[in-house]
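Quick notes on the structure that follows.
No lab work stands behind these numbers, since they all come straight from the coordinates. What you are looking at is a predicted structure, and each value in this text was computed from that prediction instead of being measured. So basically every Cβ, Gly included, is an ideal-geometry build from the backbone, and we count neighbours across all protein chains shown.
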Amino acid sequence: MLSHDIETDIRRSAFDFLQAASDRYGEVLNWNLLTKGFSYKGEVVPLLGASGIWKPRCFESIPISITTAPPSPTRPAPYDDGLDLHGRLAYRYRGTDPRHRDNVGLRAALHGAIPLIYFFGIEKGEYLPTWPVYVVADNQQDLTFCVSIDDKAVVGAGSLLPTTEVNEARRQYVTTITLRRLHQQKFRARVLRAYNSRCAVCRLKHSELLDAAHILPDSDPRGEPVVPNGLALCKIHHAAFDRHILGIRPDMRVAIRSDILLEVDGPMLKYGLQEMDGAAIVLPANTSLRPKAEFIETRYELFLKAG
């Protein structure tokens with residue numbers, strides 16, 4: 001087994017690995033990449049595995065990560081109701097025995113103020129990694145730990161920060177922001193799945209270049225993150241949609257703003273926007289997931305006003 005100092009260095013190396021992977025592949029990472037992990041001085045360090053509370057074999061007792069499995073029809077996402085009154089997430093024990101070695105490991109992380117990684121399941125085989133995460137309380141009656149997420153820019157410099165009033169306030173804010181990112185990623189996954197991972201306007205099928213665009217924004221009372229309020233759009237058409245350069249007519253065809261149609265520019269303007277005018281958009285095969293007519297009509301009115 002490794003010394004505490006070496007385990008600490010491995011945790012920092014794991015953070016660096018995840019940052020590099022996120023920079024390359026995006027916020028959501030796949031199971032294969034995470035289970036292969038990285039090499040530390042010849043030792044392979046997987047970052048997650050079959051157990052939700054994951055400790056690499058080279059670690060003595062404290063896990064390196066905790067995981068929430070992706071939602072399924074029989075098991076809805078556990079954090080849809082948000083945070084507790086203290087801005088913390090609840091993470092369930094492994095089983096019902098507080099003395100199970102995994103629960104003992106998380107309890108040791110609590111007492112040692114040891115930073116962990118939290119993998120939030122988005123879709124089957126896809127996870128949103130978040131770090132550094134701290135176990136900040138142990139509720140044995142409820143068989144749960146309380147978890148807070150900290151600012152990687154603060155902890156990433158090196159110091160492993162204990163729980164203090166200042167740190168708790170920052171962690172509450174970061175945890176809230178992370179929960180919003182989690183919901184956004186789940187919305188994106190549902191929308192892209194409904195549209196078979198292709199842009200509704202240009203049919204581009206590179207998922208790393210696709211977004212889930214809201215038809216009605218969050219500020220609208222009806223602007224919920226549900227598939228009938230979403231469109232799968234490539235980044236160019238998403239930006240054009242958000243800025244009312246591109247609209248979707250009630251007959252589900254593309255409209256390009258009149259002044260844009262008159263512009264003369266390079267091939268992107270011509271082929272990417274102007275020639276899309278009047279084209280029918282791709283719709284989900286499942287009719288219940290298609291854009292809601294009243295949402296499209298409301299958004300199209302905003303597009304006309306902008307023109």
Sorting 31, 54 on the 10 Å Cβ count, fewest up front, what's the list? 31, 54
Output needed: percent of Cα pairs per 5 Å distance bin for the range 168-274, bins running from 0 to the one holding the longest distance. 2, 12, 18, 21, 17, 12, 8, 5, 2, 1, 0
Mind checking the angle between helix 101-112 and the chain's longest principal axis? C-alpha axes, 0 to 90 degrees, to the nearest 10. 90 degrees
Using only Cα atoms, find the angle between the long axis of helix 165-194 and the longest principal axis of the chain, and express it within 0 to 90 degrees, rounded to the nearest 10. 50 degrees
Pairing the Cα long axis of helix 293-306 with the longest principal axis of the chain, what angle in degrees results, from 0 to 90 and rounded to the nearest 10? 70 degrees
Pairwise label distance in nanometres, residue 305 with residue 33, each label 7 Å out on the Cα-Cβ vector: 4.1 nm
Assuming 0.36 nm per residue, please report the length gained on full extension of the stretch residue 99 to residue 297 beyond their Cα-Cα distance. 65.5 nm
Once the piece of chain linking residue 111 and residue 8 is laid out straight, how much longer is it, given 0.36 nm per residue of separation minus the C-alpha distance between them? 35.6 nm
Would you mind calculating the relative contact order of the chain from Cα pairs under 8 angstrom and at least 6 residues apart, reporting the percent as a whole number? 12 percent
Residues 244, 238, 100, 206 in order from fewest to most other beta-carbon atoms within 10 Å are 206, 100, 244, 238
By count of other Cβ within 10 Å, fewest leading, how are 199, 58, 146 ordered? 58, 146, 199
Residues whose placed amide H lies under 5 Å from that of residue 138, excluding near-sequence neighbours: 146
Positive-end residue, the range 4-190 charge dipole about Cα centroid, Cβ charges, pick of 141, 105, 45: 45
For the residue pair residue 90 and residue 180, what label-to-label distance in nm results when each label sits 7 Å from Cα along the Cα-to-beta-carbon direction? 2.5 nm
Two-site label geometry, residue 226 and residue 263: point separation in nm, points 7 Å out along Cα→Cβ: 3.6 nm
Pairs of Cα atoms under 8 Å, at least six residues apart: use those to get the relative contact order of the range 219-298, whole percent. 35 percent
Would you list, by chain and number, the lysines whose Cα falls below 19 Å from the Cα of residue 270, excluding same-chain residues fewer than 8 positions away? 235
